[in-house]
1. Of Phe26, Phe68, which residue is among the aromatic types (Phe, Trp, Tyr) and within 22 Å of Thr115 (Cα to Cα)?
2. Identify all residues within the stretch 15-40 that are in a helix (DSSP H, G or I), touching a residue at least 12 places away in the same chain (Cβ under 8 Å) and open to solvent by less than 80 Å² (accessible area, probe 1.4 Å); write none if there are none.
3. Please give the number of the condition Val75 fails out of (1) under 23 Å from Arg93 (Cα atoms); (2) open to solvent by less than 80 Å² (accessible area, probe 1.4 Å); (3) out of contact with any helix residue (DSSP H, G or I) (no Cβ under 8 Å at 6 or more places or on another chain).
4. Taking the conditions exactly as written (at pLDDT 90 or above and within 17 Å of the chain's Cα centre (by Cα)), does Gly65 satisfy them or not?
5. Could you count how many residues in the stretch 110-154 are modelled with pLDDT of 95 or more and not small (Gly, Ala, Ser)?
6. Can you tell which of Thr47, Thr80, Thr12 is free of Cβ contacts under 8 Å to residues at least 40 places away in the same chain, surrounded by 15 or more Cβ atoms within 10 Å (Cβ to Cβ), among the polar types (S, T, N, Q) and part of a helix (DSSP H, G or I)?
7. Please name all residue pairs, on different chains or six or more residues apart, with Cβ atoms under 7 Å, provided the first residue is in the stretch 109-137 and is in contact (Cβ under 8 Å) with a residue 60 or more places away in the chain and the second residue is assigned to a loop (DSSP other than H, G, I, E, B) and surrounded by fewer than 17 Cβ atoms within 10 Å (Cβ to Cβ).
Amino acid sequence: MFGLTTLGALHTAISLVAIVAGIWAFARDKEIVPANRLGQLYLATTTITAATGLMIFEHGGFRIGHTFAVLTLAVVAIGTVAAASPLFGRASRYVQAVFYSSTMLIHLITGSAETLTRLPPGAPLVTAANASVFTQIIGALVLLFLVGLAFQMRWLRGHLHSRR
């Protein structure tokens, strides 16, 4: 199916659950909240996606996808430390939000590359993940991320101040 191994298909299915859960969490809660079920689903499926990504070696050794997987695991870990400890002090909720939101950016970048290099089957829209079109896609995703993050930080600041 789409040139995927069984592990690749499982990895893709779990990543799609993560993306849906992430979009739903942002729409409902304005952030990834690790204390609620939706946030837990997102973080668990994101972590599993990264872990399974590290096991995929269809194109040879360690590649850019593996780098994104390691980055994702590190970003989730930092967000979790921010959520569960006083390490970052008053900035903890902001650090948590920035790092957890960054995982969605990573999902969208890697997902775009995988989708465009595999679909439609037999004649993908892009023939290589390093095609110049990805510079534009990544630029648009980063811009969307930064705008979304600005709105999120503004909402979080208002939300945290109103609770005091």
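1. Details: Phe26 fails: within 22 Å of Thr115 (Cα to Cα).
Criteria check complete, one pass: Phe68.
2. Matches in the stretch 15-40: Ser15, Val17, Ala18, Ile19, Ala21, Gly22, Ala25, Phe26, Leu38, Gly39.
3. If we test Val75 against (1) under 23 Å from Arg93 (Cα atoms); (2) open to solvent by less than 80 Å² (accessible area, probe 1.4 Å); (3) out of contact with any helix residue (DSSP H, G or I) (no Cβ under 8 Å at 6 or more places or on another chain), just (3) comes out false.
4. Numbers: at pLDDT 90 or above: no; within 17 Å of the chain's Cα centre (by Cα): yes.
Spelling it out, it is not the case that Gly65 is at pLDDT 90 or above and within 17 Å of the chain's Cα centre (by Cα).
5. Number satisfying all stated conditions: 12.
6. Numbers: Thr80 fails: free of Cβ contacts under 8 Å to residues at least 40 places away in the same chain; Thr12 fails: free of Cβ contacts under 8 Å to residues at least 40 places away in the same chain.
Just a single option satisfies the conditions, and that option is Thr47.
7. Correct list of pairs: Arg118/Phe2; Arg118/Gly3; Arg118/Pro124; Leu119/Leu125; Pro121/Phe2.
Table: residues versus (1) in contact with a helix residue (DSSP H, G or I) (Cβ under 7 Å, 6 or more places away or on another chain); (2) assigned to a loop (DSSP other than H, G, I, E, B); (3) over 20 Å from His11 (Cα atoms); (4) open to solvent by 60 Å² or more (accessible area, probe 1.4 Å).
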residue	(1), (2), (3), (4)
Ser112	yes, no, no, no
Thr117	no, no, no, no
Pro121	no, yes, no, yes
Val126	yes, yes, yes, no
Ala131	no, yes, yes, no
Gln136	no, no, yes, yes
Gly139	no, no, yes, no
Leu149	yes, no, yes, no
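The values are calculated or read from the model by the stated rules, or taken from the named source; none is laboratory data. If you're wondering where the values come from, they're calculated on a predicted model, not measured in any experiment. Cβ atoms come from the backbone with ideal geometry, glycine included; neighbour counts cover every protein chain shown. Side chains included, ligands, DNA and RNA excluded: accessible areas come from the protein's heavy atoms. Shrake-Rupley method; radii C 1.70, N 1.55, O 1.52, S 1.80 Å.
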